[in-house]
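Engineer: One structure follows; several queries about it will come next.
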């Protein structure tokens, strides 16, 4: 479910803006660090910390977009990849400098720790919370993109930038805001998931593959698909690790390759290329 | 335009001069040579085919492990080990190429990452074969071609690696200058048009992948033989990234890029890691950003620009 949160943000920036942003994990990590710091240093409770982190990261994201990313939209893939890698390295260094190389412990609020009985049995409250948030967010995003005017302008800007501009949509602003949204979602995922996926300087590197897998298998820009793929991935991964631990991650990677072999563009609905 | 013969001569001269100028740094030199070979093999894919992939460590690592295991269990002659390493990597390329080459851009990057992780996971779990997280230890190499015993000073290692690099560079150059090589550039520039011309694009790309992997596997085999050890992080995403960075630093698709980028990177890493180990990532990150925004062609492009300006002032 966290995977969904993280990946959907990436699907937004990648699919909608066609920019290879491998540094997505950086924003998640930033969100996580900010939340932890807010809670530990300033004593702000969990939810407000998360909210604060999300807003700050979104702002930072929009700034970065405005000044750095924007210059590279037309650049070849290699440049975009290098830029993302450079960004990842710089943030890892900054993270390590300020926070040290170890994982950050996060003190979950009491209403989230411990089991919760939701009718079919007792589950850890934290997990239930994550699932609930994920589901609600999925709905919210779907509603926003499919139904709202802003969502329409995003889709327009992506399908045909010039026409969208001709019709009067301020594409630059649209991109900046969607990037902000994408990074906000990443920060949300990072913060909420801080207990499950610990925040440490290597965060962007290690989890990058997983976000990329979800986005690639679902298809770029396929936000609804990202939900199902992330879900499927989580289920398969957990099951495999539970029953066949020696196999580890090999199986899931092979599975991903098999899927992509059949559908090289993921499950995205085929719009004009 | 500077004759490429002259530049080739320069490369050869550098290879020969290095042990004379810096005899205490042969280990470093050998490392530079091996990584230059690896980066050069990546250049074929990234620079000439235009396929951006982050999975090259998979080929390097496979070659390293294959050569290491071969030396450990079968025969410790180094040249045979090179063949085994190259072949193993080529095999991996054939198998993974089937899936990898069906995609481009993001999916390709992701799949190449998955390949590295797959190989890494396999190497990690198959402890009985690879030593797992501890790495493959206890390799001891016999003399090269039965004649040159590896000495403690690293002289034979350096010469061995340098000769392999020189020969591989010749091979690389031949491929790149051939019609095959030119068609790869065509595919990079406009794949659709190449299809329209009737070029067997997929077959060409697959061949390029195999050639690239073989060279990387040979580099890996060299590494295993020279170090007599294979670390698990030879197959890591970080290492893949490092090779890419080395190539970019020198300049991709520019023939000599890898040969320039790898030594510079290794030198910087050695120097900066000694002076300021914690901030290595920061410097590299900043350098990457600088390259992207200011010098996309890497050092070779920058030098070529300088040379052009110098020549113009002389006219």
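The values are calculated or read from the model by the stated rules, or taken from the named source; none is laboratory data. In this text the structure is predicted, and so the values were computed from the model without any measurement. Glycine gets a Cβ as well: all are built from the backbone with ideal geometry, and neighbour counts include every protein chain shown.
Engineer: Going by the conditions given, is residue B:229 touching a residue at least 12 places away in the same chain (Cβ under 8 Å) and touching a strand residue (DSSP E or B) at 6+ places or on another chain (Cβ under 8 Å)?
Structural biologist: Yes; evaluated as a whole, the condition is true for this residue.
Per-residue answers, yes or no, for (1) surrounded by fewer than 24 Cβ atoms within 10 Å (Cβ to Cβ); (2) within 28 Å of residue B:174 (Cα to Cα); (3) more than 17 Å from the chain's Cα centre (by Cα):
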{"position": "B:41", "(1), (2), (3)": "no, yes, no"}
{"position": "B:59", "(1), (2), (3)": "no, yes, no"}
{"position": "B:63", "(1), (2), (3)": "no, yes, no"}
{"position": "B:87", "(1), (2), (3)": "yes, yes, no"}
{"position": "B:114", "(1), (2), (3)": "no, no, yes"}
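Engineer: Here is a further query. Could you figure out which of (1) under 25 Å from residue B:10 (Cβ atoms); (2) more than 13 Å from chain A (Cβ to nearest Cβ); (3) assigned to a helix (DSSP H, G or I) isn't true of residue B:225?
Structural biologist: Tallying (1) under 25 Å from residue B:10 (Cβ atoms); (2) more than 13 Å from chain A (Cβ to nearest Cβ); (3) assigned to a helix (DSSP H, G or I), residue B:225 fails exactly one: (1).
Engineer: What's the total number of residues in region B:243-286 that are within 10 Å of chain A (Cβ to nearest Cβ), part of a helix (DSSP H, G or I) and either at positive phi or without any contact (Cβ under 8 Å) to a residue 40 or more places away in the chain (or both)?
Structural biologist: 9
Engineer: Answer yes or no as to whether residue B:291 is within 30 Å of residue B:122 (Cα to Cα), surrounded by 19 or more Cβ atoms within 10 Å (Cβ to Cβ) and within 12 Å of chain A (Cβ to nearest Cβ).
Structural biologist: No, not satisfied.
Engineer: Here's something else I'd like to know. Looking at residue B:267, is it touching a strand residue (DSSP E or B) at 6+ places or on another chain (Cβ under 9 Å), surrounded by fewer than 23 Cβ atoms within 10 Å (Cβ to Cβ) and under 24 Å from residue B:19 (Cα atoms)?
Structural biologist: So residue B:267 does not fit the description; no.
Engineer: Checking the condition within 14 Å of another protein chain (Cβ to nearest Cβ) and surrounded by fewer than 24 Cβ atoms within 10 Å (Cβ to Cβ), which residue from B:101, B:92 passes?
Structural biologist: Criteria check complete, one pass: B:101.
Engineer: Sticking with this structure for a sec: Given the options B:205, B:197, B:129, name the one that is surrounded by 14 or more Cβ atoms within 10 Å (Cβ to Cβ) and over 26 Å from residue B:70 (Cα atoms).
Structural biologist: B:205
Engineer: Continuing with the same structure: Inspect region B:73-81 for any residue being in a loop (DSSP other than H, G, I, E, B), at pLDDT below 85, closer than 15 Å to residue B:210 by Cα and more than 7 Å from chain A (Cβ to nearest Cβ) and give the result as yes or no.
Structural biologist: No, because not a single residue in region B:73-81 is in a loop (DSSP other than H, G, I, E, B), at pLDDT below 85, closer than 15 Å to residue B:210 by Cα and more than 7 Å from chain A (Cβ to nearest Cβ).
Engineer: Something else about it: Just the residues that are within 10 Å of chain A (Cβ to nearest Cβ) and closer than 16 Å to residue B:239 by Cβ, please, taken from region B:123-133.
Structural biologist: Listed by number, the list holds a single entry, B:124.
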